[in-house]
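Chemist: Just dropping this structure here.
The values are calculated or read from the model by the stated rules, or taken from the named source; none is laboratory data. It should be emphasised that the depicted structure is a prediction, and the values quoted were computed from it without experimental measurement. Reconstructed Cβ throughout: ideal geometry from the backbone, glycine too, with neighbour counts over all protein chains shown. Surface areas here come from the heavy atoms of the whole protein model, side chains and all, with no ligands, DNA or RNA. Shrake-Rupley method; radii C 1.70, N 1.55, O 1.52, S 1.80 Å.
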Amino acid sequence: MSHDPKNTTQSMDMSQMAHSSMGHDHMQMSGHGDMGSMDMGGGHMMHMGNLRRKFWVSLILTIPIILLSPMMGMRLPFQLTFPGSDWVVALIGSVLFFYGGAPFFSGAKAELAQKKPAMMTLITMGIGVAYVYSIYAVIANDALHVTPVVTDFFWELATLIEIMLLGHWIEMNTVMNAGSAVDSLSKLLPQTAHVIAADGSVQDVALRDLQVGQTVAVRAGEQIPADATILTGRSAINESLVTGESKAVTKAVGDAVIGGSVNGTGTFTAKVTGTGDSGYLAQVMDLIQNAKQAKSQSENLANRVAGYLFYAALFVGILAFIVWLNLTSLAVALPVAVAVFVIACPHALGLAVPLVVARSTALAAQNGLLIRNRDAMERVNQLKFALMDKTGTLTQGHFQVNHLLSLDAAYSETSVLQLMANLESGSSHPLATGILTAAKAAKLTVTAATETHQETGLGQFGTIDGTTYGVVAVSYLDQHHLAYDQAQFKTLAAEGNSISFLVAGEQVLGLVAQGDQIKPHAQQMVAALKRRGITPVMLTGDNQETADKVAHAIGIEHVEARLLPEDKERLVHQYQAKGQVLFIGDGVNDAPSLARADVIRFLDLARATNRKMTENLRWGAGYNLIAIPLAAGVLAPIGFMLDPMVGAVVMSLSTIIVAINAMTLRLKRSAD
């Protein structure tokens, strides 16, 4: 039977990611503790609860500082002063500096240890200089009573810490809201396994102690504890975890079972082939965790920009101090250097990416899109190929029997349909559903075949009244050199039919030709992909004639037909060698339809997101690139010196612009 084998091909992102070790102990314990943390720079991890608490406590501490402290010497209308208010600000500012700034200090330490200063180092430099100089300013003004009055930077210190904590909280919250897949997966495995000893006795052991090579007993209704191969017995296994198939799959001696799948009513023994970090489930969990913890390209770019700004600010600040010290005095040179370091603080740059990511994730959710890998959004601009399944993706996946033929005088057409229906009674594949629908319409009583098994991509086999039959694809006939009327096959296939044959041994007993309807929006979708410079490629296990007919109708020039699962995976790798690949449809039941999965919406949202990220990074970095040399006095020879107050205002405006720009991200409805 021409089953479209879709359940083993992985998506582009999953197939490109490396599998790293993950023991079962780690799996059992990885929950909100692990997924609720993020890299604060240089590998320093910060947990969600800690970060949220730091943000709110820091906000409480920031409010009185804003009310009592001027912004770079410019007193605002709502601000208050009273005798000793400067000391109050210094005390609150000190608590805020050491408490709220702690994550950045740890991140900067890690970055410097790796000799890769980035965002954390730049923030630490800014708040560190602002704090030290501000304490000096309070002492100079209120204890030593120096003139002129020294300007403090407590306002900038507080707002920078608060904005950076907010940016990282937004980013972490976005990752957490993408789904707690690891939590769900970790619950699929049982706590213990029934291990059969050499003397035949059964002992329950903790899953962490289960070893490859041991024999386990799996009872009815239990979750399978590890990847294994059945030694004795048979059962029906719910493998929806892997294939998306809601129907149970019959497993017998020699068949592989996957840890985490659910056993049916049968009982069997099996030899463990994979557990801990070698198990399928562990590897999937590792992939998801790596995807969530990985920094996206834009985040890495923001860190690189921050690293360059750190060196630039450090160089310009020191140079400005030396030049102004030689030209004037320490009283002038020191504030200039401090202003350079403080103005270099990445207020806008720190929010540039997190705000856009948060907005993009919200828009995606509103449009039915769940984005687990942020980096995938950014690779959209590099996409060259869209590989997609035919059945259920480009077509409806609802087959109707158009032709039913007996090819053996001993079997009537009704007998052919009856035998096919009996063989397919336990399958939910679209082609099987078409046969069962026809049998129901003919008022046939369907009795399930026994000893059923499937040869992936070739057909379904089982025993009926002592005879083994198979519903197979034409590729099975070709591989086994079974004779059939090729002219008849081509005629039926050219009409767009998927053709399945009934065989018994080396006899071809009959055939059924089923038609599927192209989805209404498939042609529009293909055209939209082409307009965006993406080449659509159809992959299918169906026959070449039917595949060509569908492809021609919807405008696809590149067709790969009669594929087995390993063929699809091979083709994915081949196309990846030519450019970035988007794979649409990775399972029979859960393959996304082009009309409902909003592929074009995803592409448009991704491109709009990338555009906003780029704009925000330009705003964030552009402010620093212009303000740093101006604060250093590069235009002093022509009479222009950037006033720190003006720099602070511009700094605040750049942050507001970045925020507004992120919030204006929209997903436009198009005719596509």
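Chemist: Being open to solvent by less than 20 Å² (accessible area, probe 1.4 Å), at pLDDT 85 or above and either in contact with a Gly (Cβ under 7 Å, 6 or more places away or on another chain) or farther than 22 Å from residue 426 by Cβ (or both): is that true of residue 196 here?
Modeler: no
Chemist: Tell me which residues, restricted to region 259-316, are modelled with pLDDT under 70, of a type in the set (D, E, K, R) and part of a helix (DSSP H, G or I).
Modeler: So in region 259-316, the residues modelled with pLDDT under 70 come out as 276-300.
After this cut, where a residue has to be of a type in the set (D, E, K, R) as well, the list is 277, 286, 292, 295, 299.
Result: 277, 286, 292, 299.
Chemist: What residue, among those in region 512-539 that are aliphatic (A, V, I, L, M) and under 26 Å from residue 501 (Cα atoms), is surrounded by the fewest Cβ atoms within 10 Å (Cβ to Cβ)?
Modeler: Looking at residues that are aliphatic (A, V, I, L, M) and under 26 Å from residue 501 (Cα atoms), I get 518.
Chemist: Can you run down the residue pairs with Cβ atoms below 7 Å, 6 or more apart or on separate chains, where the first is in region 317-329 and closer than 18 Å to residue 148 by Cβ and the partner is surrounded by 16 or more Cβ atoms within 10 Å (Cβ to Cβ) and not polar (S, T, N, Q)?
Modeler: From residues that are closer than 18 Å to residue 148 by Cβ, the pairs are 324/333; 324/336; 324/633; 325/333.
Chemist: Among the residues of region 103-110, are any charged (D, E, K, R) and touching a helix residue (DSSP H, G or I) at 6+ places or on another chain (Cβ under 8 Å)?
Modeler: No, the conditions are met nowhere in region 103-110.
Chemist: Then there is this: Can you go through 123, 161 and tell me which one is open to solvent by less than 20 Å² (accessible area, probe 1.4 Å), closer than 30 Å to residue 105 by Cβ and modelled with pLDDT of 85 or more?
Modeler: When all the criteria are applied, what remains is 161.
Chemist: Which numbered condition in (1) open to solvent by less than 10 Å² (accessible area, probe 1.4 Å); (2) farther than 30 Å from residue 363 by Cβ; (3) modelled with pLDDT of 85 or more is the only one that residue 542 fails?
Modeler: (3)
Chemist: Pairs under 9 Å by beta carbon, first residue open to solvent by less than 20 Å² (accessible area, probe 1.4 Å) in region 407-421, partner in a loop (DSSP other than H, G, I, E, B) and of a type in the set (D, E, K, R), six or more apart or different chains?
Modeler: Between residues of region 407-421 that are open to solvent by less than 20 Å² (accessible area, probe 1.4 Å) and residues that are in a loop (DSSP other than H, G, I, E, B) and of a type in the set (D, E, K, R), the close pairs are 416/408.
Chemist: Scanning region 545-581 for residues that are more than 30 Å from residue 512 (Cα to Cα) and not in a helix (DSSP H, G or I), which turns out most open to solvent (accessible area, probe 1.4 Å)?
Modeler: 578
Chemist: Also, quick follow-up: So, residue 584, is that one modelled with pLDDT of 85 or more, within 30 Å of residue 664 (Cβ to Cβ), in contact with a strand residue (DSSP E or B) (Cβ under 8 Å, 6 or more places away or on another chain) and not small (Gly, Ala, Ser) or not? Can you show your working first?
Modeler: Values: modelled with pLDDT of 85 or more: no; within 30 Å of residue 664 (Cβ to Cβ): yes; in contact with a strand residue (DSSP E or B) (Cβ under 8 Å, 6 or more places away or on another chain): yes; not small (Gly, Ala, Ser): yes.
No.
Chemist: Name the residue, out of 323, 332, that is in contact with a Phe, Trp or Tyr (Cβ under 9 Å, 6 or more places away or on another chain) and either modelled with pLDDT of 65 or more or not in a helix (DSSP H, G or I) (or both).
Modeler: Values: 323 fails: in contact with a Phe, Trp or Tyr (Cβ under 9 Å, 6 or more places away or on another chain).
Testing whether each residue is in contact with a Phe, Trp or Tyr (Cβ under 9 Å, 6 or more places away or on another chain) and either modelled with pLDDT of 65 or more or not in a helix (DSSP H, G or I) (or both) leaves just 332.
Chemist: Please work out which residue is least open to solvent (accessible area, probe 1.4 Å), limiting yourself to region 138-154 and to residues that are modelled with pLDDT under 85 and not β-branched (Val, Ile, Thr).
Modeler: 153
Chemist: Continuing with this model, one more query. Out of all the residues in region 633-653, which are in a helix (DSSP H, G or I), surrounded by 15 or more Cβ atoms within 10 Å (Cβ to Cβ) and at pLDDT 75 or above?
Modeler: Correct list: 636 only.
Chemist: Within the set of pairs 6+ apart or on separate chains, which have a first residue in region 332-343 that is closer than 9 Å to residue 153 by Cβ and in contact (Cβ under 8 Å) with a residue 60 or more places away in the chain, a second that is of a type in the set (Ser, Thr, Tyr) and open to solvent by 10 Å² or more (accessible area, probe 1.4 Å), and C-beta atoms under 7 Å apart?
Modeler: 338/133
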